[in-house]
Amino acid sequence: MDLTLNASQDPAETLFDDAEIDAGQHPLFSRMPSSVSFNKLRKRLLRQTRQALDDFGMLTGAKRWLIGLSGGKDSYSLLALLMDLKWRGLLPVELIACNLDQGQPNFPKHILPEYLASIGVKHRIEYRDTYSIVKEKVPTGATYCSLCSRLRRGNLYRIAREEGCDALVLGHHREDILETFFMNFFHGGRLASMPAKLLNDEGDLMLLRPLAYAAEDDLAKFAAAMEFPIIPCDLCGSQDGLERNAMKAMLADIERRMPGRKDTMLRALGHVNPSHLLDPKLFDFKSLTPEPKE
């Protein structure tokens, strides 16, 4: 994605024209705000989502996707944007929304099935008490998120197979990708992040992140304007790991002092020059010799 445009330009401006978007919308958007600012926001997110689908070849061989729906702002926004693209004939994929009820205390079981039924989305609600496993395995005072996430991902892969899907689709966004990069950079000693498209270890399912170019702030504004019935992620009483919180705060401070740096950093992840790094597995430094002088 080319993020070197003027600040006033949309980063995926060539993917839609205004007539194409303004021609109508999925019934899910029937109660959306009519403001100019929201219309611009919706167009931007649609364009960025379609850009990611195109840049990473997410539609290659795609027929049926399982969308992981947690009940948070990101996954609700992902579902709405994909439904909108499908309604426009731009996403020739069958969509199934799936929520994994992991047994957290006070989880409001009725919210997601009622909402999904009201907007006519095919869905599956699955109960697996992974919360008890996490409580048993994680030491007192430690955060649950890492193990909880791994158990959730494993169950979603299983459900995707049972539903005959070829991909699991998740709502990770720009900030998730950048935070993961810096966590690996500072704490893991490696250059790696969340890829927008990944083949699972078994080699039978793709993992897709169509919101890779979307800013978290945009998704928060979008979710609030759409009045999604948000389910908080702190039902189990745990909090995100301190490392990720530190990365989030660092990136926010950099963006505050130097606006636009997040887009620059995201662009850097897509422009890698192995000969200017230090990994001999990626570049044959030993064979690099000057041309003989005549």
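Could you tell me which of N155, I254, A268 has its Cα farthest along the dipole of the chain towards the positive end, charges placed at Cβ (Lys, Arg +1; Asp, Glu -1), taken about the Cα centre?
Toward the positive end, the furthest listed residue is N155.
Please list, ordered by chain and number, the residues whose modelled amide H lies under 5 Å from the amide H of V169; skip anything fewer than 5 residues away on the same chain.
Close amide H contacts, sequence-distant or interchain: L66, I67, G68, L208.
In deg cm²/dmol, rounded to 500, what helix-only [θ] at 222 nm does the chain give when every DSSP H run of at least 4 residues adds -39500 (n - 2.57) and the total is split over its residues?
Values: 10 runs with 120 residues, N = 294.
It comes out at -12500 deg cm²/dmol, rounded to the nearest 500.
In units of 2.2 N^0.38 Å, what is the alpha-carbon radius of gyration of region 177-294?
Rounded to two decimals, the normalised Rg is 1.44.
Quick one: ranking Y76, Y131 by accessible area, 1.4 Å probe, largest first, what do you get?
These residues rank, largest area first, as Y131, Y76.
Which order do K221, K122 take by accessible area at a 1.4 Å probe, largest first?
Details: K221 130, K122 105 Å².
From most exposed to least exposed: K221, K122.
Give the accessible area for V272 in Å² (nearest 10); use a 1.4 Å probe, count only protein heavy atoms, and leave out ligands, DNA and RNA.
For V272, the solvent-accessible surface is approximately 100 Å².
Based on the Cα gyration tensor of region 17-162, what are the three equivalent ellipsoid semi-axes, each the root of five times an eigenvalue, rounded to whole Å and given largest first?
Square roots of five times the eigenvalues give 32, 17, 15 Å.
With springs only between Cα atoms under 10 Å, which of P92, P27, P274 fluctuates most in a Gaussian network model of the chain?
P274
Output the peptides 252-258, 107-113, 288-294 sorted from most to least packed, where packing is the average of other Cβ atoms within 10 Å over each peptide's residues. Please report the intermediate quantities before stating the final value.
Numbers: 252-258: 12.0, 107-113: 14.6, 288-294: 5.1.
Going by the mean number of other Cβ atoms within 10 Å, highest first, we get 107-113, 252-258, 288-294.
Under a GNM of the chain (C-alpha, springs under 10 Å), which listed residue has the highest mean-square fluctuation: T264, T130, T180?
The residue that fluctuates most here is T264.
Heavy atoms only, 1.4 Å probe, whole protein assembly: order R150, R244, R31, R47 by accessible area, highest first.
Working: R150 145, R244 55, R31 205, R47 25 Å².
So the residues, ranked largest to smallest area, are R31, R150, R244, R47.
Taking the alpha-carbon distance from K40 and a cut-off under 21 Å, which lysines remain once sequence neighbours fewer than 8 residues away in the same chain are dropped?
Answer for K40, where 21 Å is the Cα cut-off: K73, K86, K221, K262, listed by chain and number.
Return the whole-Å distance between the Cα centroid of region 144-189 and the Cα centroid of region 114-140.
Between the Cα centres of region 144-189 and region 114-140 lies a distance of 15 Å.
Just the accessible area for R64, please: 1.4 Å probe, Å², rounded to the nearest 10?
40
What figure, in Å² to the nearest 10, do you get for the accessible area of F185 with a 1.4 Å probe and non-protein molecules left out?
F185 has an accessible surface of roughly 100 Å² with all protein chains in place.
Nearest 20 debye, what's the magnitude of the dipole of the chain about its Cα centre given +1 on Lys and Arg Cβ and -1 on Asp and Glu Cβ?
So the dipole magnitude of the chain works out to roughly 400 debye.
Using a Gaussian network model on the chain with a 10 Å cutoff between Cα atoms, which of L191, L81, L69 fluctuates the most?
Among L191, L81, L69, the largest GNM mean-square fluctuation belongs to L191.
Under a point spin-label approximation (7 Å from Cα along Cα-to-Cβ), what is the D129-L191 distance to one decimal in nm?
The answer from the label model is 4.7 nm.
Using alpha-carbon positions, what is the distance between the centroids of region 66-95 and region 265-294, in Å?
39
The values are calculated or read from the model by the stated rules, or taken from the named source; none is laboratory data. What you are looking at is a predicted structure, and each value in this text was computed from that prediction instead of being measured. Every residue, glycine as well, gets a Cβ built from its backbone with ideal geometry; the counts of neighbours run over all protein chains shown. What goes into the accessible areas is simple: the full protein's heavy atoms, side chains included, and nothing from ligands, DNA or RNA. Shrake-Rupley method; radii C 1.70, N 1.55, O 1.52, S 1.80 Å.
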